[in-house]
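The values are calculated or read from the model by the stated rules, or taken from the named source; none is laboratory data. Predicted, not measured: the structure shown is a model, and the values here were computed from it. No Cβ is skipped: glycine too gets one built from the backbone with ideal geometry, and neighbour counts run over all protein chains shown. Keep in mind that these areas ignore ligands, DNA and RNA; they rest on the heavy atoms of the full protein, side chains included. Shrake-Rupley method; radii C 1.70, N 1.55, O 1.52, S 1.80 Å.
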Amino acid sequence: MLKKHFQILLMLIPLCGFAQAFETEFETNFAWEVKQVDEFIERFNDADHTLIKDYNKKFTKSPLTREALIKSLFDSKRSDWNYEEVMTFITQVTNEEDPEYLDFNNENWYAKVSCNLKWKGKLQKAVLKLNIRNLANGGCKWVLTDIEADFLKLKNPDGTKVVVVQPQIATPTDFRKFLNPISHTNDFLEIDKISEDAADLGYYVDKSEKYSDSMCLFIAECRQNNIKILHANSIVYTFSQIKGWQIEIRQFNRQSRNSGWLISKLIKTPI
Amino acid sequence: MKTFYTLTILFFSFTKLAAQDVIYFTGGTKIPGKITEILPDKVKFKNLANPNGPIYSRNTSSVQVAFNSTGDYLVFSQAKPSSDKEKEDFMNGGSKARNYDIIIDKNGAILPVSINDESEGELVANNNGKDVIFPKKDLVFLIRKNGNHQIFSGTDEALPYLSIDKPKINMILTQGSPKETASETPSAAPQRQAETEERKVEEVKPAVAHDDNDYVVPDMALYGSKALQKTNEFAGYLQTITSINTKREAATKSINMACGLFLTEDARVEVSNIRTDTKNKYKIRDYLNRLLIKSGQYDKLIIEYANISYASKFKKGPDGNYYGSVTFVQKFQGFVDGNLVYGDQTKRNMTVVLKHYEKAVNGENVSGWDVFLDDIGVVETKKL
């Protein structure tokens, strides 16, 4: 019987030499770990036939409620949560009359990717902001929308800010190159492609009428082959899809059921 | 003696997409969806990229038009709202036999035709007994006899035609054959005589970037066995490459075959080292060559996989291919004289790509999907 959604189940010969208890603990931690941002969205939305629900069925007949799932998405190791706010948030999104969900294809979320790069041969750090852009063919891709970096805060010798010129970025009509829609699952392993070839910037940079000063300088430096992005170090995702709230998620690598991509910040925002 | 546990069972379970609607929004976006309810001020629908996900709701002011799988459509106009009957007919869109395709050109002509051939820039169709070439740049939209549709000019430009011409289009759709619609005027767009005898396609047509309605969305369950085959093959090649009994030529051949499983040889494998706490990226061939060299350092090598993993849903990319990701755990142990000299447990994410292809087989165009592996990243590495 076909399942209702796309799912790959990989079943392999069990690890040899592992004690039964460790194997069970390993599997439990793996099942509970929020391994990808996609899994975060699935759990937040209480999607059917997820790994955690299927795994949970092995041990209990009580199904996991949406409230329980969303609670499990908060970093439980953080001790200074405003629990009243957390419950208000959970109550709001699980409201039976008007529930709220996260949508991968809703462009109101972004990734901030801390990277190592080289500028004129010297190692530098930068934070690249990436957004999902939906396309006419029903597909989507990640694009670079902004950048923050100390080395891009250029000043004239007299201390005044460097005047930047808005660059013209031609958006290619073919799709030979792009950051594919699941690049995030590999922690943007291919982020170095952005600076690989100055002629290809249009494939990766979002089309905009007005770029920030940092982006203007970044694009100009890329065009002079002065910048080489090396790799991503860490990522924070920010979702602004729930009315009156912003949530930040980051990765917590630890051996516990509360691990993986979890809510690290819950911020109230004006509606 | 080296040991390698191969992958045993790989299940892909997907859904065959139900008859889908296509919903066009203001701002130029569209999604494949299934409209579940149409209210005076809201449209509710499921996103078929997440068929078990929530029901979404959008104000009708942000929806331009929706097509169902039979080619019926509904224009969402504040000035001229659809009647309840029109909404009901749209929602109930059952299978309707159509004998022809309908094209609307920029002169406003509505033409029932039979499309015989198509390329990136034009259609060749039989119009009233005559084969005519229609340049796509002169067309506004097309509704095919199989219910698929294509908007050529952009939704904003097509909307007035869709709205004003709906009664005529409905009339034509309910009639029997093109010959019974002689009242329609032929398009004023330039026409050229096409060859009336049947053409033989000798060359392989390139895979044209169609509107997403023209690509049949892959029935993922059918490709489960192909994905299993590719993954098992890769595991088998790794076994051959790392085995101390393998001769150099056989190992090289296995490296070549393994690379063939990947989308391109630019696919990269991220490698971490617990000693240096760094991550490096290697193209797949370089990775496999390094593995061959590294395996020579040990007289026993064990690579194992955990019996639980997670897979994301597939997402469509700009190129029309579908991209998914699998998270799994790999254990690597190298022994010298029976002693473990290096061991790590690595959590990895592997990209899987469903790629569309078209080719000529015995003079007929055949299209389908194939499965490829792509980048393999590292989430976390721990020392054993």
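Of all residues in region A:192-211, those that are more than 11 Å from every other protein chain (Cβ to nearest Cβ), within 19 Å of A:HIS231 (Cα to Cα) and not in a loop (DSSP other than H, G, I, E, B) total 7.
One residue alone among A:GLN7, A:GLN36 is buried (at least 16 other Cβ atoms within 10 Å of the Cβ), modelled with pLDDT under 90 and facing chain B (nearest Cβ under 8 Å), and that residue is A:GLN7.
Between B:GLU122, B:GLU118, the distinction of being open to solvent by 30 Å² or more (accessible area, probe 1.4 Å), farther than 30 Å from A:GLU100 by Cβ and in contact with a Phe, Trp or Tyr (Cβ under 7 Å, 6 or more places away or on another chain) belongs to B:GLU122 only.
Conditions (1) touching a residue at least 24 places away in the same chain (Cβ under 8 Å); (2) in contact with an Asp or Glu (Cβ under 8 Å, 6 or more places away or on another chain), marked per residue:
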| position | (1), (2) |
| --- | --- |
| A:ARG133 | yes, yes |
| A:GLY138 | no, yes |
| A:GLU148 | yes, no |
| A:GLY159 | no, no |
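The residues on offer are B:THR327, B:THR381, B:THR346, and the sole one that is of a type in the set (Val, Ile, Thr), in contact (Cβ under 8 Å) with a residue 40 or more places away in the chain and within 8 Å of another protein chain (Cβ to nearest Cβ) is B:THR327. So which residues in region B:296-310 are open to solvent by 10 Å² or more (accessible area, probe 1.4 Å) and either more than 7 Å from chain A (Cβ to nearest Cβ) or of a type in the set (Gly, Ala, Ser) (or both), if there are any at all? Matches in region B:296-310: B:GLY296, B:GLN297, B:TYR298, B:ASP299, B:LYS300, B:ILE302. When A:GLY159 is tested against (1) farther than 30 Å from A:GLU100 by Cα; (2) touching a helix residue (DSSP H, G or I) at 6+ places or on another chain (Cβ under 9 Å); (3) in the same structural domain as A:GLU148 (by TED's automatic domain parsing), just one condition goes unmet, and that condition is (2).
Between B:PHE262, B:PHE314, the distinction of being crowded, with 16+ Cβ neighbours inside 10 Å, modelled with pLDDT of 80 or more and more than 9 Å from chain A (Cβ to nearest Cβ) belongs to B:PHE262 only. Condition check: closer than 30 Å to A:GLN36 by Cα and either in contact with a strand residue (DSSP E or B) (Cβ under 8 Å, 6 or more places away or on another chain) or at pLDDT below 80 (or both). Does B:LYS359 satisfy that? For B:LYS359, the condition - closer than 30 Å to A:GLN36 by Cα and either in contact with a strand residue (DSSP E or B) (Cβ under 8 Å, 6 or more places away or on another chain) or at pLDDT below 80 (or both) - is not met.
Taking the listed residues A:LYS57, A:LYS71, A:LYS61, the one that is open to solvent by 50 Å² or more (accessible area, probe 1.4 Å) and at pLDDT 95 or above is A:LYS71, with no other qualifying. Can you confirm whether region A:135-145 contains a residue that is out of contact with any helix residue (DSSP H, G or I) (no Cβ under 9 Å at 6 or more places or on another chain), outside any helix (DSSP H, G or I) and loosely packed, with under 14 Cβ neighbours inside 10 Å? Checked region A:135-145: no residue is out of contact with any helix residue (DSSP H, G or I) (no Cβ under 9 Å at 6 or more places or on another chain), outside any helix (DSSP H, G or I) and loosely packed, with under 14 Cβ neighbours inside 10 Å. Of all residues in region A:163-190, those satisfying the criterion of being open to solvent by 40 Å² or more (accessible area, probe 1.4 Å) and modelled with pLDDT under 90 are A:VAL163, A:VAL165, A:GLN168, A:ALA170, A:THR171, A:THR173, A:ASP174, A:PHE175, A:ARG176. Taken over region B:77-98, the residue count meeting the criterion of being modelled with pLDDT under 85 and either within 12 Å of B:VAL65 (Cα to Cα) or part of a loop (DSSP other than H, G, I, E, B) (or both) is 14. Is there a residue in region B:54-62 that is open to solvent by less than 40 Å² (accessible area, probe 1.4 Å), more than 14 Å from every other protein chain (Cβ to nearest Cβ) and of a type in the set (Gly, Ala, Ser)? No: region B:54-62 contains no residue that is open to solvent by less than 40 Å² (accessible area, probe 1.4 Å), more than 14 Å from every other protein chain (Cβ to nearest Cβ) and of a type in the set (Gly, Ala, Ser). Of the set (1) surrounded by fewer than 22 Cβ atoms within 10 Å (Cβ to Cβ); (2) more than 7 Å from chain A (Cβ to nearest Cβ), all apply to B:LEU288 but (1). Please determine whether any residue of region A:212-227 is open to solvent by less than 10 Å² (accessible area, probe 1.4 Å), touching a residue at least 60 places away in the same chain (Cβ under 8 Å), assigned to a loop (DSSP other than H, G, I, E, B) and not β-branched (Val, Ile, Thr). Scanning region A:212-227 turns up no residue that is open to solvent by less than 10 Å² (accessible area, probe 1.4 Å), touching a residue at least 60 places away in the same chain (Cβ under 8 Å), assigned to a loop (DSSP other than H, G, I, E, B) and not β-branched (Val, Ile, Thr).
The residues of region A:133-155 that are more than 7 Å from chain B (Cβ to nearest Cβ) and in contact with a Pro (Cβ under 8 Å, 6 or more places away or on another chain) amount to a single one, A:TRP142.
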